[in-house]
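Here's the structure we're looking at; comments come further down.
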Amino acid sequence: MRAQHPERHVVVKGDTLWDISAKFLKNPWQWPQIWQINRDHIKNPHWIYPGDVIVLDTSSGKPVLRLIRESITLEPGVIVTPIKADAIPTIQPNAILPFLTKPVLISADELKNAPTIIAAEEERQILSTNTRIYVQGLPGSPQPVWAIYREGEPVKNPENGEILGLEAHYLGEAKLLRDGKPATLNITQVKEEIAVKDKLIEIEDDLTQTYVPHAPDNQLQGQIARISDGINETGSGRVVVLNRGTDDGLERGHVLSILRQGASMTDPASDPEHPQTLKLPDEPVGLLMVFKTFPRLSYALVMQASQPVHVEDIVRTP
């Protein structure tokens, strides 16, 4: 617990679960332990709304956070209840919203086999909004709206140089007009220039997913494989790609420490004729939280950073 923690907190609009956790705890990811959340609730937590009161109860000798929702007797009439959209988020969604609905980490084979734009009306090559396009390879009973992508930068594993996937480049969206082989779609949004041979990928609705910041149950370790926009260093509030995913046990809400790998040096106490290598300790530089997972890769948001965060920095169970 923080030394100056409050006894209670009234939830207001603009609060996030991470911010509230930090009011009570030195380590915000330990929230589930003192809120007595089980594994099912970590994946689908109770909603917390503005006006709710979070109270710290120490009557049992151990700190427990409880949620109080005031109730009053109403005369017959309209009863107003909270709706899902009013619940406070785990983190401010602005930082991750584009990564929930637009960019995608995908294998080269998946992108190669994705539905492809084979032609456009009037034999156009550069495609704009309200252009009809013809797409080969849509599945049976296709969904109505599709995202348009082009092959982006490969994401390499810092450990061995293996290509783990591609960060596909989002170009725009198209709406299905007629199913068929080829199918007919209409371009509804253009972010960047779209061309024949670009690929279509199903739009994922990740906005309804919820999660609570928590540490992994076991010891996980990986590295930062890529920083969004292809830069080499970043800081708090920015998105990074990890070389670990669901195949390695990562899930939404997992909080990991970020560490700068300790340098190797010659041990000054060793025999000069037979020098021994000494590795300096890894130094903590921040925290990140996983918010979107793929089989071998994950997107994570840097929550705290005391120094710039670099590609190849280590991530580990805190």
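The values are calculated or read from the model by the stated rules, or taken from the named source; none is laboratory data. For clarity, every value in this text was computed on a predicted model and none was experimentally measured. Quick reminder, even Gly has a Cβ in these numbers, built from the backbone with ideal geometry, and neighbours come from all protein chains shown. Calculation scope for accessible area: heavy atoms of the full protein, side chains included, ligands and nucleic acids excluded. Shrake-Rupley method; radii C 1.70, N 1.55, O 1.52, S 1.80 Å.
Taking the range 246-289 as the range and being open to solvent by less than 80 Å² (accessible area, probe 1.4 Å) and of a type in the set (Gly, Ala, Ser) as the test, the residues that pass are Gly249, Gly253, Ser257, Gly262, Ala263, Ser270, Gly286. In the range 67-79, the count of residues that are open to solvent by 50 Å² or more (accessible area, probe 1.4 Å) and at pLDDT 75 or above is one or more. The conditions of being without any contact (Cβ under 8 Å) to a residue 24 or more places away in the chain and outside any loop (DSSP other than H, G, I, E, B) are met by Glu122. Exactly one residue out of Leu176, Leu138, Leu164 is under 25 Å from Asp229 (Cβ atoms) and either in a loop (DSSP other than H, G, I, E, B) or touching a residue at least 24 places away in the same chain (Cβ under 8 Å) (or both), and it is Leu164. Taking the criterion of being open to solvent by 40 Å² or more (accessible area, probe 1.4 Å) and touching a Lys or Arg at 6+ places or on another chain (Cβ under 8 Å), the residues of the range 294-308 that qualify are Arg296, Gln307. Can you work out which of the residues in the range 179-200 that are in a strand (DSSP E or B) and of a type in the set (Gly, Ala, Ser) is least open to solvent (accessible area, probe 1.4 Å)? Per the stated criteria, the residue is Ala183. With respect to (1) open to solvent by less than 60 Å² (accessible area, probe 1.4 Å); (2) under 16 Å from the mean Cα position of the chain (by Cα), the lone exception for Ser236 is condition (1).
Looking at the range 215-238, which of the residues that are modelled with pLDDT under 90 and outside any loop (DSSP other than H, G, I, E, B) is farthest from Pro158 (Cα to Cα)? Checked the range 215-238; the qualifying residue farthest from Pro158 (Cα to Cα) is Asp229.
Here is the figure for the range 289-311: residues that are touching a strand residue (DSSP E or B) at 6+ places or on another chain (Cβ under 6 Å), assigned to a loop (DSSP other than H, G, I, E, B) and under 14 Å from Leu164 (Cβ atoms) total 4. Looking at the range 14-57, which of its residues are at pLDDT 85 or above, over 20 Å from Asp86 (Cβ atoms) and assigned to a loop (DSSP other than H, G, I, E, B)? Residues satisfying the conditions are Leu25, Lys26, Asn27.
With respect to the conditions (1) at pLDDT below 95; (2) at negative phi, Gly180 falls short on a single one, namely (2). If you go through the range 16-31 and keep only what is surrounded by 19 or more Cβ atoms within 10 Å (Cβ to Cβ) and either without any contact (Cβ under 8 Å) to a residue 12 or more places away in the chain or within 11 Å of Tyr49 (Cα to Cα) (or both), you end up with just Leu17.
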